[in-house]
Amino acid sequence: MSSQGTHGVLITMEGVEGSGKSTQLLRLSERLRRLEVPMVVTKEPGGTPLGQEIRRLLLQPHASGEAWCAEAELLLFYADRAQHLHGVIRPALEAGKIVLCDRFEDSTRAYQGASGVPEFVLDRLHELVLQRLRPHLTLLLDMDPQVSLQRVEVRNLGYGGAFQETRFDEAQLEFHQRVRNRFLAIAKAEPQRVALIPARSTPAEVEHAVWQRVAPLLRNAGFQVG
Ligand SMILES: Nc1ncnc2c1ncn2[C@@H]1O[C@H](COP(=O)(O)OP(=O)(O)O)[C@@H](O)[C@H]1O
Ligand SMILES: [Mg+2]
């Protein structure tokens, strides 16, 4: 754990799709806002204006039908991250703020790793882009993707009133199981940094578990959080 030369606190939210990251990030940020601590809420990919362009390139299928090859996709994620660190995360940490980030490095390691990118490639890019920076705390919202993907199906039904059906097939489910296992392996390898939060209970219960991990960290860092 090191964020040399910085005084802020970087907290990242990780987990499979539908595990409740955005829900919990919102709840945590609302709580911190009430406490009036200096804070920046951000996300990956797309935490900067140029990063939003990269996000669109990554997530929207291209009209031509062409899809990114695995290496190009990986480099786009890291281009987004480098810009985000440069433009948002490092300046906020240097200004002594709390940074809450919806997905970060562990998502790349879990998803691109599960897609077959070798570990040594991820290590090299990690070293190049993050250098010595690590999140002070990573909240891993853990649950079975079989259940979390059902939440996503329901969430997407509600989007803008427009019917947008999402159905995950067996192969996708199997992929998300591998992603989950990679997240769990990261948590096991770095128990000091990664807090494993069971995510199947109610939003209020998950919020409580999150706060149990966040409050002491912020207190230790000198923030007035009660
Ligand atoms: N603890 C929970 N129990 C039940 N449903 C939840 C819970 N947390 C979030 N949801 C719902 O599940 C869906 C996915 O949550 P979301 O926060 O968008 O997940 P993520 O950002 O991890 O993909 C949303 O519709 C959300 O309202
Ligand atoms: Mg989300």
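Taken together, the values in this text are just the output of simple stated rules run on the coordinates, not laboratory data. Given the structure is predicted, the values throughout are model-derived calculations rather than measurements. Cβ sites come from the backbone with ideal geometry, for glycine too, and all protein chains shown count toward neighbours.
Quick notes on this one:
- Net charge over other residues, Cβ less than 12 angstrom from the Cβ of D123 (K, R count +1; D, E count -1): -1
- The charge dipole of the chain, taken about the Cα centre with unit charges on the Cβ atoms of Lys, Arg (+1) and Asp, Glu (-1), comes to about 820 debye, rounded to the nearest 20.
- Dividing the summed helix terms, -39500 (n - 2.57) for each DSSP H run of n ≥ 4, by the number of residues in the chain produces a 222 nm estimate of -17000 deg cm²/dmol to the nearest 500.
- Dipole orientation for the stretch 9-220: of the candidates V152, Y78, I197, I197 has the Cα lying most toward the positive pole (charges on Cβ; Lys, Arg +1; Asp, Glu -1).
- Our summary gives the chain a relative contact order of 34 percent, counting only alpha carbon pairs under 8 angstrom and 6 or more residues apart.
- With a simple spin-label model that places each label point 7 Å from the Cα along the Cα-to-Cβ direction, the separation between R34 and L128 comes to 4.5 nm.
- GNM on the chain, alpha-carbon springs under 10 angstrom: the most fluctuating residue among A82, A215, A171 is A171.
- Amide H contacts under 5 Å for I98, placed H, 5+ residues apart: V9, M39, V40
- Most mobile of A63, A199, A110 in a GNM of the chain (Cα contacts under 10 Å): A63
- Between the exposed loop cleavage positions of the chain, defined as trypsin sites (Lys or Arg not before Pro) in a non-H, G, I, E, B DSSP state with at most 10 neighbouring beta-carbon atoms within 10 angstrom, the longest gap is 1-131.
- Rounded, prolate or oblate (a/c below 1.5 giving rounded, otherwise prolate when a/b exceeds b/c) for the stretch 9-220 by Cα gyration tensor: rounded
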